[in-house]
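Colleague: The structure that follows is given in the form of structure tokens.
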Amino acid sequence: MLKLYDHGVYLVNGRKLADSAQEAARLAGHPVTQEEAEKGTIAYGILKKHNKSGDMDHLQMRFDSLTSHDITYVGIIQTARASGMKEFPMPYVLTNCHNSLCAVGGTINEDDHMFALSAAHKYGGIYVPTNMAVIHSFNREMMAGCGRMILGSDSHTRYGAIGTLSVGEGGGELAKQLVGRTYDVARPGVVLIYLEGEPRPGVGPQDVALQIIGAVYANGYVKNKVMEFVGPGVAGLPMEYRNGIDVMTTETTCWSSVWETDQVTEEYLTIHGRPEAYAPLAPADAAYYDGCVYVDLSAVEPSIALPMHPSNVITIRELLENPKDILYACQEKANRQIVGASIDLVSKVHDGGVWVDQGLVAGCSGGTFDNICAVADILRGKSTGNGAFTMSVYPGSMPAYLQLMKNGALADIAAAGAIIRECFCGPCFGAGDTPANGEFSIRHTTRNFPNREGSKPGEGQMSAVGLMDARSIAATAINGGRLTPATDLDIDYKKYPYVFDKSVYDKRVYWGFGKAEPEHELKFGPNIKDWPEQPALTDDLLVKVVSYITDPVTTTDELIPSGETSSYRSNPERLSEFTLSRKDPGYVARSKEVRQIERGRAAGKGLPEEVRKVYEALKKVVAVDPEKTDIGSTIFAVKPGDGSAREQAASCQRVLGASANLAREYATKRYRSNCINWGMAPLLVKDESVFALGDWVFIKGIRQAVLEGTPEFTAYAVKADGTVTPFPVSLGSLTPDEKQIIADGCLINYYRNHPVT
């Protein structure tokens, strides 16, 4: 079904795989070198078009458009505004699909939306009103195009199936684009995803995506690379099917994705009134890839990603063959991750099957037109029952919603007992259809990280999510919640013509790009606050380890929870109160204690006895100068930053006084970039056993090491008994701008100190 090559491959004429340059030359009929063939990928051509450096190994890129939703855009605009932005220099889409449930008794979230509308007027943006469209549905319909690049402040910014190389990053990277700077990165590797065959009826895009994720996530096969989808299997996939696979590539930890384009792509763009956005994209007659994932689509089976990660993949058939043992192993592993509550999956095995409590089809991955039509085909004339099982469907955009009403799909779904919801991303991050304690939800959404369904384990409330395709969710629904693969059903899947009615957007979306109104006043609600001032990096640094996380991977959801915290995304100080609240509830208090030490020192109040003892111990082994040393906090995590692009995973630590992160490695480029953009040194350690929670770490000459790019330098761990242990630390590769951003203390300071001339 899937095969991972353990070496680079050549693709000849877009269809033939070769293991060597010699074999590629024989197939191509002309000489082939790896150096030239590396330039033959689709990704290389798009990157070259957008690169401003003139050096394809060290890219400096400007994007065609930007996009953000209502959890991230306030902070980005505030950052850019503080950095001197006067007008959006490129189309910037502001959608309202995350933070769109108003707080009870107040309008905190709606205040953010009014801020965005006023910013669209003032700076010339595109404002998509609340529940009009999911961020990625709108960008597919209205912004993506062949050969374009889009940068978004949401990790699932993926429009590769439409030939758009798209990147999900933290807000700092968007702010750079808004003030005329470039996105700087070493040229990423490219991995071929070679598709062959045709999926069986009942097998959907989520099944294909999950199988790929399960094969490449843990081994890092595509980490920070571009996944390039090519092969004879592409042609047989409808566009929405491709979109459904493509958006899930984020869960592989790849940097971006892109597909070859064809008549299907052209028809999609024409239907959406943008035929000029089409261009044929294909690899050159000889292209070199750093690896290859071979996928036989005809062999893919309905699958489920069990809690608590999209890579925890097994076929539904395999699960049903041995459910108790598999679910027991899953629940025990999950419960080791969770603080404050536990889940019981084994209890879901009874009456000859595995029973779930909820089914959801939603968002950028599940709420597509084709998926919902397939759900309607399965539910038509059936019932979801009047038991505990419930089902909801969230279409991705209002134009799709309108067509689904006209063709009767929504009527069939509603008649079966399922609930039709608005265009909302809530089920993806714990703000919609939150299950009851102990329930097991199956969802065609993007993630099933801990608490993504809205649990509060610290308060004893815990439920679980398995990711599945919409078709098997519907099959399960008509069996009252008994887990059922859609391939068990004999369904006549209809072909529904899709008509895109842009007038829905014309009537409600504010299209302000190129029409900035500088005199228009920004509309601030009481919860919208400026970023607090951050200090520049001092010569030396003294940090206290205030959280010590030994899990193999720490997600951004664990660093800053999603869900109900969304109401405070525009208020840095209030949001920071939630930092690590579900993973390490004592973190905030410990951070504040250290922050108060630094504030007292800066105010001339002297140092507490604990810190004086640390300096006394250090003086025995290394020269120290407290006047040239900032005092901050840090966390250690083995591999932090998997998941969301939202910058608050890093900025909240910084607001609480953090000066660095300590890690063996960083799960994603975007989280590491967020640390850098908020002035926190992303330090790498080889042996974390030399320090522990509550220890202090002193880094002599860190400012010089950062600015000079010193490959490795020395830090000193200081324990409460005065023991000092030197250990090596490093920073990995940093661009010149990144070095200066860390030295200046954050991106805002950097722009203030180094204005564009």
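Colleague: Counting only residues that are outside any loop (DSSP other than H, G, I, E, B), surrounded by 15 or more Cβ atoms within 10 Å (Cβ to Cβ) and acidic (Asp, Glu), how many does segment 265-293 have?
Modeller: Selection size over segment 265-293: 2.
Listed here are the residues, each with its yes/no results for (1) in contact with a Leu (Cβ under 6 Å, 6 or more places away or on another chain); (2) assigned by TED's automatic domain parsing to the domain that holds LYS628; (3) of a type outside the set (Val, Ile, Thr); (4) buried (at least 17 other Cβ atoms within 10 Å of the Cβ).
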| position | (1), (2), (3), (4) |
| --- | --- |
| ARG664 | no, yes, yes, no |
| TYR671 | no, yes, yes, yes |
| TRP678 | no, yes, yes, yes |
| ALA681 | no, yes, yes, yes |
| GLU688 | no, yes, yes, yes |
| LEU693 | no, yes, yes, no |
| LYS700 | no, yes, yes, yes |
| ALA705 | no, yes, yes, yes |
| THR710 | no, yes, no, no |
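Colleague: A further question follows. Hey, can you tell me all the residues within segment 358-408 that are among the aliphatic types (A, V, I, L, M) and over 23 Å from ARG482 (Cα atoms)? Spell out how you get there, then give the answer.
Modeller: Taking segment 358-408 first, the residues among the aliphatic types (A, V, I, L, M) are 360-362, 372, 374-376, 378-379, 388, 391, 393, 398, 400, 402, 404-405.
Matches in segment 358-408: MET398, ALA400, LEU402, LEU404, MET405.
Colleague: Further question on the same structure: Out of everything in segment 718-733 that is of a type in the set (A, V, I, L, M, F, W, C) and under 15 Å from ILE702 (Cα atoms), what residue ends up being surrounded by the most Cβ atoms within 10 Å (Cβ to Cβ)? Explain how you work it out, then say what you get.
Modeller: In the first step, residues of segment 718-733 are kept if they are of a type in the set (A, V, I, L, M, F, W, C); the result is 718, 720, 724, 727, 729, 731.
Still in the list and also under 15 Å from ILE702 (Cα atoms): 727, 729, 731.
On the way: PHE727: 16, VAL729: 20, LEU731: 23.
That would be LEU731.
Colleague: Checking the conditions here, which among LYS639, LYS619, LYS592, LYS605 is touching a Ser or Thr at 6+ places or on another chain (Cβ under 7 Å) and either surrounded by fewer than 18 Cβ atoms within 10 Å (Cβ to Cβ) or under 30 Å from ASN448 (Cα atoms) (or both)?
Modeller: Working: LYS619 fails: touching a Ser or Thr at 6+ places or on another chain (Cβ under 7 Å); LYS592 fails: touching a Ser or Thr at 6+ places or on another chain (Cβ under 7 Å); LYS605 fails: touching a Ser or Thr at 6+ places or on another chain (Cβ under 7 Å).
Every option except LYS639 fails the conditions.
Colleague: Right, VAL361: under 32 Å from the mean Cα position of the chain (by Cα), under 28 Å from VAL553 (Cα atoms) and modelled with pLDDT under 95 or not?
Modeller: Numbers: under 32 Å from the mean Cα position of the chain (by Cα): yes; under 28 Å from VAL553 (Cα atoms): yes; modelled with pLDDT under 95: no.
Taking the combined requirement at face value, the residue does not satisfy it.
Colleague: If you don't mind, another one. Look through segment 611-649, keep the residues that are outside any loop (DSSP other than H, G, I, E, B), among the charged types (D, E, K, R) and touching a helix residue (DSSP H, G or I) at 6+ places or on another chain (Cβ under 8 Å), and return whichever of them is farthest from TYR73 (Cα to Cα). Before you say what the answer is, go through the steps one by one.
Modeller: Here is the first cut: in segment 611-649, the residues outside any loop (DSSP other than H, G, I, E, B) are 611-618, 626-637, 640-642, 648-649.
Right, trim to among the charged types (D, E, K, R) and you get 612-613, 616, 627-628, 630, 642.
Subsequent filtering for residues that are touching a helix residue (DSSP H, G or I) at 6+ places or on another chain (Cβ under 8 Å) retains 630, 642.
Working: ASP630: 31, ASP642: 21 Å.
Within segment 611-649, the match that is farthest from TYR73 (Cα to Cα) is ASP630.
Colleague: So the check is Cβ under 8 Å with 6+ separation or different chains; which pairs have a first residue in segment 596-611 that's more than 15 Å from ASP630 (Cβ to Cβ) and modelled with pLDDT of 95 or more and a second one that's among the aromatic types (Phe, Trp, Tyr) and not in a loop (DSSP other than H, G, I, E, B)?
Modeller: Listed by first residue and then by second, the contacts come to nothing, as the list is empty.
Colleague: Hey, can you tell me all the residues within segment 185-201 that are surrounded by fewer than 24 Cβ atoms within 10 Å (Cβ to Cβ) and either aliphatic (A, V, I, L, M) or within 19 Å of the chain's Cα centre (by Cα) (or both)?
Modeller: VAL185, ALA186, PRO188
Listed here are the residues, each with its yes/no results for (1) at pLDDT 95 or above; (2) in contact with a Ser or Thr (Cβ under 8 Å, 6 or more places away or on another chain); (3) closer than 29 Å to VAL167 by Cβ; (4) acidic (Asp, Glu).
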{"site": "ARG672", "(1), (2), (3), (4)": "yes, no, yes, no"}
{"site": "GLY679", "(1), (2), (3), (4)": "yes, yes, yes, no"}
{"site": "LEU693", "(1), (2), (3), (4)": "yes, yes, no, no"}
{"site": "TRP696", "(1), (2), (3), (4)": "yes, no, no, no"}
{"site": "THR714", "(1), (2), (3), (4)": "yes, no, no, no"}
{"site": "THR725", "(1), (2), (3), (4)": "yes, no, no, no"}
{"site": "ASP744", "(1), (2), (3), (4)": "yes, no, yes, yes"}
{"site": "ARG752", "(1), (2), (3), (4)": "no, yes, yes, no"}
{"site": "VAL756", "(1), (2), (3), (4)": "no, no, yes, no"}
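Colleague: One residue is enough: does segment 69-79 have a residue meeting the conditions assigned by TED's automatic domain parsing to the domain that holds ALA284, more than 23 Å from CYS746 (Cβ to Cβ) and β-branched (Val, Ile, Thr)?
Modeller: No, segment 69-79 contains no residue that is assigned by TED's automatic domain parsing to the domain that holds ALA284, more than 23 Å from CYS746 (Cβ to Cβ) and β-branched (Val, Ile, Thr).
Colleague: May I pose another question? Of the residues that make up segment 132-139, is at least one farther than 30 Å from PRO526 by Cα, in a helix (DSSP H, G or I), in contact (Cβ under 8 Å) with a residue 12 or more places away in the chain and not hydroxyl-bearing (Ser, Thr, Tyr)? First the steps, then the outcome.
Modeller: Just the residues of segment 132-139 that are farther than 30 Å from PRO526 by Cα, to begin with: 137, 139.
From what is left, the residues that are in a helix (DSSP H, G or I) are 137, 139.
Keeping just the survivors that are in contact (Cβ under 8 Å) with a residue 12 or more places away in the chain gives 137, 139.
Cutting the leftovers down to not hydroxyl-bearing (Ser, Thr, Tyr) gives us 139.
Yes - at least one qualifying residue is present in segment 132-139.
Colleague: Assess whether GLY563 counts as being crowded, with 18+ Cβ neighbours inside 10 Å and either more than 30 Å from the chain's Cα centre (by Cα) or in contact (Cβ under 8 Å) with a residue 12 or more places away in the chain (or both). Break it down into steps so the answer makes sense when it comes.
Modeller: Values: crowded, with 18+ Cβ neighbours inside 10 Å: yes; either more than 30 Å from the chain's Cα centre (by Cα) or in contact (Cβ under 8 Å) with a residue 12 or more places away in the chain (or both): yes.
It is true that GLY563 is crowded, with 18+ Cβ neighbours inside 10 Å and either more than 30 Å from the chain's Cα centre (by Cα) or in contact (Cβ under 8 Å) with a residue 12 or more places away in the chain (or both).
Colleague: Quick check: is even one residue across segment 571-578 surrounded by fewer than 22 Cβ atoms within 10 Å (Cβ to Cβ) and free of Cβ contacts under 8 Å to residues at least 40 places away in the same chain?
Modeller: Checking segment 571-578: at least one residue is surrounded by fewer than 22 Cβ atoms within 10 Å (Cβ to Cβ) and free of Cβ contacts under 8 Å to residues at least 40 places away in the same chain.
Colleague: Here's another thing I want to ask about it. Looking at ASP557, ASP584, can you tell me which residue is modelled with pLDDT under 95, in the same structural domain as ASP695 (by TED's automatic domain parsing) and outside any helix (DSSP H, G or I)? Reasoning before the result, please.
Modeller: Details: ASP557 fails: outside any helix (DSSP H, G or I).
Going through ASP557, ASP584 in turn, the sole match is ASP584.
Colleague: While we're on this one: Can you say whether ASP377 is in the same structural domain as PHE440 (by TED's automatic domain parsing), within 15 Å of ILE473 (Cα to Cα), part of a helix (DSSP H, G or I) and over 28 Å from the mean Cα position of the chain (by Cα), as far as the supplied structure shows?
Modeller: Values: in the same structural domain as PHE440 (by TED's automatic domain parsing): yes; within 15 Å of ILE473 (Cα to Cα): yes; part of a helix (DSSP H, G or I): yes; over 28 Å from the mean Cα position of the chain (by Cα): yes.
For ASP377, the condition - in the same structural domain as PHE440 (by TED's automatic domain parsing), within 15 Å of ILE473 (Cα to Cα), part of a helix (DSSP H, G or I) and over 28 Å from the mean Cα position of the chain (by Cα) - is met.
Colleague: Select from segment 308-347 the residues that are part of a helix (DSSP H, G or I) and charged (D, E, K, R) and list them in ascending order.
Modeller: First, the residues of segment 308-347 that are part of a helix (DSSP H, G or I): 316-321, 323-337, 346-347.
ARG317, GLU318, GLU321, LYS324, ASP325, GLU332, LYS333, ARG336 - these are the residues of segment 308-347 that are part of a helix (DSSP H, G or I) and charged (D, E, K, R).
Colleague: Right, here's the next one. Just one of ALA667, ALA645, ALA663, ALA617 is free of Cβ contacts under 8 Å to residues at least 40 places away in the same chain and of a type in the set (A, V, I, L, M); which is it?
Modeller: Details: ALA667 fails: free of Cβ contacts under 8 Å to residues at least 40 places away in the same chain; ALA645 fails: free of Cβ contacts under 8 Å to residues at least 40 places away in the same chain; ALA617 fails: free of Cβ contacts under 8 Å to residues at least 40 places away in the same chain.
The conditions single out ALA663.
Colleague: Residues TYR666, TYR671: which one is in contact with a strand residue (DSSP E or B) (Cβ under 6 Å, 6 or more places away or on another chain), of a type outside the set (A, V, I, L, M, F, W, C) and part of a loop (DSSP other than H, G, I, E, B)? Give the derivation first.
Modeller: Numbers: TYR671 fails: part of a loop (DSSP other than H, G, I, E, B).
Sole residue among the options that is in contact with a strand residue (DSSP E or B) (Cβ under 6 Å, 6 or more places away or on another chain), of a type outside the set (A, V, I, L, M, F, W, C) and part of a loop (DSSP other than H, G, I, E, B): TYR666.
Colleague: With among the aliphatic types (A, V, I, L, M) and over 30 Å from ALA82 (Cα atoms) as the only criterion, which of VAL756, VAL706, VAL729 stands out? It would help to see each step written out before you state the result.
Modeller: Working: VAL756 fails: over 30 Å from ALA82 (Cα atoms); VAL706 fails: over 30 Å from ALA82 (Cα atoms).
Selected residue: VAL729, the only one of VAL756, VAL706, VAL729 that is among the aliphatic types (A, V, I, L, M) and over 30 Å from ALA82 (Cα atoms).
Colleague: Something else: Looking at (1) crowded, with 17+ Cβ neighbours inside 10 Å; (2) without any contact (Cβ under 8 Å) to a residue 12 or more places away in the chain, which is the one condition that is false for GLU321?
Modeller: All conditions are met except number (1).
Colleague: Is segment 13-24 home to any residue that is over 18 Å from VAL190 (Cα atoms), assigned by TED's automatic domain parsing to the domain that holds GLY160 and not aliphatic (A, V, I, L, M)? Talk me through it step by step, then tell me what you get.
Modeller: First, the residues of segment 13-24 that are over 18 Å from VAL190 (Cα atoms): 22-23.
Going one step further and asking which of them are assigned by TED's automatic domain parsing to the domain that holds GLY160, we end up with 22-23.
Among the residues that remain, those that are also not aliphatic (A, V, I, L, M) are: 22-23.
The answer is yes; a qualifying residue exists.
Colleague: Does GLY454 satisfy being surrounded by fewer than 24 Cβ atoms within 10 Å (Cβ to Cβ), touching a residue at least 40 places away in the same chain (Cβ under 8 Å) and closer than 21 Å to HIS98 by Cα? Outline the logic, then answer.
Modeller: Details: surrounded by fewer than 24 Cβ atoms within 10 Å (Cβ to Cβ): yes; touching a residue at least 40 places away in the same chain (Cβ under 8 Å): yes; closer than 21 Å to HIS98 by Cα: yes.
Yes, satisfied.
Colleague: May I pose another question? Against the definition (in contact with a Pro (Cβ under 6 Å, 6 or more places away or on another chain) and either buried (at least 24 other Cβ atoms within 10 Å of the Cβ) or closer than 28 Å to ARG274 by Cβ (or both)), how does ILE213 come out, yes or no?
Modeller: On the way: in contact with a Pro (Cβ under 6 Å, 6 or more places away or on another chain): yes; either buried (at least 24 other Cβ atoms within 10 Å of the Cβ) or closer than 28 Å to ARG274 by Cβ (or both): yes.
Here the answer is yes, as ILE213 does meet what is asked.
Colleague: In addition: Inside segment 699-745, can you point out the residues that are within 33 Å of the chain's Cα centre (by Cα) and on the phi > 0 side of the Ramachandran plot?
Modeller: GLY709, GLY732, GLY745
The values are calculated or read from the model by the stated rules, or taken from the named source; none is laboratory data. The shown structure was predicted, so the numbers you read here are calculated from the model rather than taken from an experiment. Backbone-built Cβ (ideal geometry, glycine too); neighbour counts: all protein chains shown.
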